[in-house]
Amino acid sequence: MASLASNPLAQLEHICKTFPAQRGEVVACDDISLTVTKGQSLGVVGESGSGKSTLVRILLMLIPPTSGQVWLHGHDVTHLPEHRLKPFRRHVQFVAQDPLSALMPNLTVAENIAEPLWIHKVGDKESRRKTTLALMEKVGLASELWNSFPSELSGGQQQRVVIARALALMPELIVLDEAVSSLDVSIQAQILNLLQTLKEDMELTYVFISHNLAVIRLMCEQTAVMYKGRIIEFGDSEALFAHPLHPYTQALIDSIPAFTAQGVTPLRAVGRRTAETSGSTVAGCPYHPRCPLASETCRRERPELRWIGDRQVACHHAETMNASQVVSG
């Protein structure tokens, strides 16, 4: 288990997911275990093709895992039929990357927000109207937008509608998949501030899926780093960003642009790219073709996720990384 939580809200246990391909199968998730702790935010980071979006769909119970279990509030919901799964869906809601495609274009702002209430038969017409108005106010949408359609709104307004809709059923857990990546930088800051305020006011729990480490560092107490369908490092966000124990995590952090005396630092490629595809298999450590520390052991043996202090890391050279950072610190 990639987290020892005293108050688990959701748990993924040994999740594997494969998809058929022309030549064999693609492994999207490879033996992933995660615990989402109530009241905390978990960030899942990695480059495109690392399996983040597949993991989200499994957590949201939109697709079943090939193997493994999904738990919500201590209940195994992995194989529940739809009619028994529906009550659990109220507890987990979703905010997508593209707000316009996530909204129903032929419904007004009010109708989009109230849609979950109708689906789950919550309240009557008048109570739904009051709830919708309250949600619009909570996310910063003017009541004058009540009868507007999604196409008439700005990107930031559209995302506020999506967030209001996600809050309609009073969920405990909200999963956000690249939820601000399609917005302008200034609007991103507004939405992130809104999400943080909502978390505190409504005692929400977040799972952020992103390739933007700056967002994860700002918003999440815990971070899981994925590479080729596996979690390769997991731990407290502050410690992980300050002292990464996996070369891939270090490369991701090094790729964050920063202002220096020489200007904006150039983006460094995240490891040396190879011709392999995201679904191909590599003997030994999956990262070794791109790793500057790769040894014969890395090429031969696949590292298991193991504890080093308060961190979990899948790297044969994690102790070396740790020791070098202690010396340099």
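Nothing in this text is a laboratory measurement; each read-out follows from the coordinates by a stated rule. These figures come from a predicted structure and were not determined experimentally. Virtual Cβ from ideal backbone geometry, glycine too; neighbours counted across all protein chains shown.
General remarks:
- Computed FRET value (nearest 0.05) for R129 with L62, which takes r as the C-beta separation and R₀ as 35 Å: 0.75
- Efficiency of FRET from Cβ geometry, I308 and N147, R₀ 51 Å, rounded to 0.05: 0.35
- Gain on full stretching of the segment that runs from R299 to L218 - 0.36 nm per residue minus C-alpha separation: 25.6 nm
- For the pair F19 and N193, a Förster radius of 35 Å applied to the C-beta separation gives a FRET efficiency near 0.40, rounded to the nearest 0.05.
- Once the Cα-Cα distance is subtracted from the 0.36 nm per residue extended length, the S186 to E238 segment shows a gain of 16.3 nm.
- Principal axis dimensions, the chain - Cα atoms, whole angstrom, descending: 68, 53, 42
- In region 1-122, the alpha-carbon atoms span a convex hull of 153 Å³ per residue.
- Taking Cα centre as origin and charging only the Cβ of basic (Lys, Arg, +1) and acidic (Asp, Glu, -1) residues, the dipole magnitude of the chain rounds to 500 debye.
- Straight-line reach from K38: taking Cα to Cα under 20 Å and skipping same-chain neighbours fewer than 8 places apart, the aspartates and glutamates in range are E13, D76, E172, D177, E200, D201, E203, E221, D236, E238, D310.
- Percent of alpha-carbon pairs separated by more than 14 Å within region 114-198: 65 percent
- Stretchable slack from N7 to N106, in nm (0.36 nm times residue separation minus alpha-carbon distance): 31.6 nm
- Taking 1.306 mPa s as the viscosity and 10 °C as the temperature, the Stokes-Einstein diffusion coefficient of region 77-119 based on its alpha-carbon Kirkwood radius rounds to 130 µm²/s.
- Dipole in debye (nearest 20) - region 107-170, about Cα centre, beta carbon charges: Lys, Arg +1; Asp, Glu -1: 200 debye
- Residue among P81, L42, C16 farthest towards the positive dipole end of region 1-98, charges placed on Cβ: P81
- Relative packing of peptides 15-21, 219-225 - highest average C-beta neighbours within 10 Å first: 219-225, 15-21
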